[in-house]
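Engineer: The structure's right below; bear with me while I get my questions together.
The values are calculated or read from the model by the stated rules, or taken from the named source; none is laboratory data. This is a predicted model, so every value here is computed, not measured. Heads up, the Cβs are rebuilt from the backbone with ideal geometry, glycines too, and the neighbour counts pull from every protein chain shown. Accessible surface is based on the protein model in full, side chains and every heavy atom, while ligands, DNA and RNA are left aside. Shrake-Rupley method; radii C 1.70, N 1.55, O 1.52, S 1.80 Å.
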Amino acid sequence: MSNSSLIVGLDIGTDSVKAVVADASVNEFQVIGAVKEKNKGMRQGKIVDIDQTANAIASALKNVEQKTNSKIYRVVTGIPVGMLQLETSTGLINIGEDGREVSDKDVKRVLELAIKQAVKSGREAIAFLPSKFLLDGKTDVDDPRKMIAHSLEVHGILLTAPTSDLHNIKKAIERAGYQNNFFIPTPLAIASVALDEGERTFGSVILDIGGGTTTATVIHENKIKYATIDLEGGEDVTKDISVVLGTSKKDAEQIKLDYGSADPELTSAEDKFSVKTVGKSEQASVDENYLSQIIAARMDQILSRIGKGLSSHDAFKLPGGVVITGGMTLLQGLQSTVEKHFEVKTRVYQPDEMGLRNPAYAAAYGVVNYVYNLSDIDLLVNGVIYGTSASHDNPLAEFSENSINIFKRHAEVSENNTKEAYNGTIVPRVDREKDGANKSENSKKGIRGFFKNFFD
């Protein structure tokens, strides 16, 4: 298959690398392949071994190339909320004393100024979300091109990430034999597929429970309003099972998948399974309720820490409730546990497309969907941030005026088309709650309380 119409989304997670490939050559967006590969080069959302991460990326992309009978050169990579910092930004330029039509070049100039003024030392821009353009300081428009003006002003939100982290990600992708085209904020990518229009507008919480971290992002009025990260996830649950049952981490992971539940009320002490214990010849017999108490203790800690920030921002009052995604959502009983803990309606999201029916693919799938729906202005923004590539391997590598409409559902996009995701100027606060901080004062009694104290 020709790669000229492919969009390749990459989600580099602590536990695994996910790649999703979509074909945009037809009028309808179509996912044609998805792959997940184990990653040993990251810890708590950060790359700690570039070569190991590069190996995981190469394995995932080569595998999906074979599945889709295509050749991949470039990818678009999601950046997790834990790396993001958001700043308000404005830019103002003169068009001409006598006034003239605003061109693409003028839009790029004002965007470049707004982005340059807001970038802080040690960080790089990954996205800029324009909230409005002002013509002559008064006329508010979504797309100023071809309109007569003396001056052009832009207001928006700049999303940045640490330079060192972005360097490591790009280096790992390059060592895998590919190039990163640009970055997409993962929360916005997930929101584009996991939430419907009403949930994005009136407010919802995306709870992404991965292998190494758990993040919660509040989406309201189509924007990120608040986000928090906890440096624990599925791997910590696996470690707890390994320690308490005295078994290897590999066996503990399989036990979690086969018999685990986050909600003890859904299990029975009568249902038992065998466990290979390190240093003993005979296998131990463990009941599923006991295993569930181990899992629930860790999940209580994670949800308690995440919940404090969400509660302080009135996130649980939003009508959209909580939408859970990420690899840990495959764990039985997680939805009911979250619903009880936060006392709010909760659902699990997983893509409906064939081959993607796994919550772990939510971010990578969101990336390709988000890219496909980028507007003309979005692509001009990317052209300013990432430059114009000389490569013709992939149309997404080009941000020239002649190529920005390639991936639209329709042949032409109205110049006055409203981009709801960019309305408003409120900047969210991103909190990073550290491992072990702010433990719940009211630990539950019994076995569950014992495990909570054991792991503190």
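Engineer: If I take all pairs of Cα atoms in the stretch 108-214, what percentage of them are more than 16 Å from each other?
Structural biologist: Numbers: 4084 of 5671 pairs.
The proportion of pairs with Cα distances above 16 Å equals 72 percent.
Engineer: While we're here: Given a 1.4 angstrom probe, I'd like the percentage of the accessible area of the stretch 26-90 that is carbon and sulfur, rounded to a whole number.
Structural biologist: 40
Engineer: Roll a 1.4 Å probe over the protein chains and send me the accessible area per residue for the stretch 102-209 in Å².
Structural biologist: On a per-residue basis, 38 Å².
Engineer: Taking amide H positions as placed in the peptide plane 1.01 Å from N, state which residues far from LYS132 in sequence (5 or more) or on other chains have amide H under 5 Å from it.
Structural biologist: HIS155
Engineer: Among LYS71/LYS170; LYS225/LYS345; LYS40/LYS272; LYS46/LYS345, which pairs are too far apart, with a Cα-Cα distance over 23 Å?
Structural biologist: Too far apart for the 23 Å limit: LYS40/LYS272; LYS46/LYS345.
Engineer: With θ set to phi - 60° and the Karplus curve 6.51 cos²θ - 1.76 cosθ + 1.60, what are the ³J(HN,Hα) couplings of the stretch 245-261 in order, to the nearest whole Hz, using x for Gly and Pro?
Structural biologist: Once θ is set to phi - 60°, the couplings for the stretch 245-261 become 8, x, 10, 5, 5, 5, 5, 5, 4, 5, 4, 4, 6, 7, 10, x, 8 Hz.
Engineer: If you roll a 1.4 angstrom probe over the protein chains with everything in place, what fraction of the accessible area of the stretch 313-392 belongs to carbon and sulfur, to the nearest %?
Structural biologist: Numbers: 1570 of 3160 Å².
The nonpolar share, carbon plus sulfur, comes to 50 percent.
Engineer: Going by amide H atoms built from the backbone, whose H comes under 5 Å of the H on ILE184, apart from near neighbours?
Structural biologist: The answer is THR77, GLY78, ILE79.
Engineer: Normalised by the residues of the stretch 210-308, what does the relative contact order come to in percent, with Cα pairs under 8 Å and at least six apart? Don't skip to the end; give the middle numbers.
Structural biologist: Working: 148 pairs, mean separation 25.9, N = 99.
Relative contact order for the stretch 210-308 comes out at 26 percent.
Engineer: Run the simple label-point estimate for LEU266 and ASP98 please: 7 Å along Cα→C-beta, distance reported in nm.
Structural biologist: Placing both labels 7 Å beyond Cα along the Cβ direction yields 7.2 nm.
Engineer: For every other residue with a beta carbon closer than 9 angstrom to the beta carbon of SER336, add +1 if it is Lys or Arg and -1 if Asp or Glu, then tell me the sum.
Structural biologist: -2
Engineer: Something else about it: Net charge within 10 Å of GLN30 by Cβ-Cβ distance, Lys/Arg positive one each and Asp/Glu negative one each, not counting GLN30 itself?
Structural biologist: Values: positive: none; negative: ASP23, GLU28, GLU353.
Overall, the nearby charge balance is -3.
Engineer: State the Cα centre-to-centre distance between the stretch 294-367 and the stretch 181-243 in whole Å.
Structural biologist: 8
Engineer: Below 15 angstrom from the Cβ of ARG100, what's the summed charge of the other residues (Lys, Arg +1; Asp, Glu -1)?
Structural biologist: For residues surrounding ARG100, the net value is -2.
Engineer: Pop out the ³J(HN,Hα) list for the stretch 88-104 in order, Karplus 6.51 cos²θ - 1.76 cosθ + 1.60 with θ = phi - 60°, rounded to Hz; leave Gly and Pro as x.
Structural biologist: Values per residue, Gly and Pro as x: 6, 8, 9, x, 9, 9, 8, 8, x, 4, 8, x, 7, 5, 6, 9, 4 Hz.
Engineer: Mind ranking 344-353, 48-57 by how tightly packed they are, going by the mean number of other C-beta atoms within 10 angstrom, highest first?
Structural biologist: In decreasing order of mean packing, 344-353, 48-57 become 48-57, 344-353.
Engineer: I would also like to ask the following. What's the extension gain from GLU197 to PHE273 if we count 0.36 nm per residue and subtract their Cα-Cα distance?
Structural biologist: Roughly 22.9 nm would be gained on extension.
Engineer: If the chain between ASP287 and GLN254 were fully stretched, how many nm would it gain, using 0.36 nm times the residue separation less the Cα-Cα distance?
Structural biologist: Full extension from ASP287 to GLN254 adds 10.4 nm.
Engineer: When only the heavy atoms of the protein chains count and the probe is 1.4 Å, how do LEU318, LEU380 rank by accessible area, highest first?
Structural biologist: Details: LEU318 30, LEU380 0 Å².
Greatest to least solvent exposure: LEU318, LEU380.
Engineer: Hey, another quick one. Relative contact order for the stretch 44-167: what is it in percent, counting Cα pairs under 8 Å that are at least 6 residues apart?
Structural biologist: Here the relative contact order equals 31 percent.
Engineer: Taking amide hydrogens as modeled 1.01 Å from N in the peptide plane, which residues meet the under 5 Å criterion relative to LEU318, leaving out close sequence neighbours?
Structural biologist: For LEU318, whose amide H was placed from the backbone, there are no distant partners under 5 Å.
Engineer: Turning to a different aspect of this structure: On a C-alpha basis, how far is the centre of the stretch 29-64 from the centre of the stretch 95-162 in Å? Whole number, if you could?
Structural biologist: For the stretch 29-64 versus the stretch 95-162, the Cα centre distance is 35 Å.
Engineer: Keeping every protein chain present and rolling a 1.4 Å probe, give me the accessible area per residue for the stretch 245-357 in Å².
Structural biologist: Per residue, the stretch 245-357 has 49 Å² of solvent-accessible surface.
Engineer: Just reorder HIS313, HIS155 by solvent-accessible area, largest first, 1.4 Å probe, all chains present.
Structural biologist: From most accessible down to least: HIS313, HIS155.
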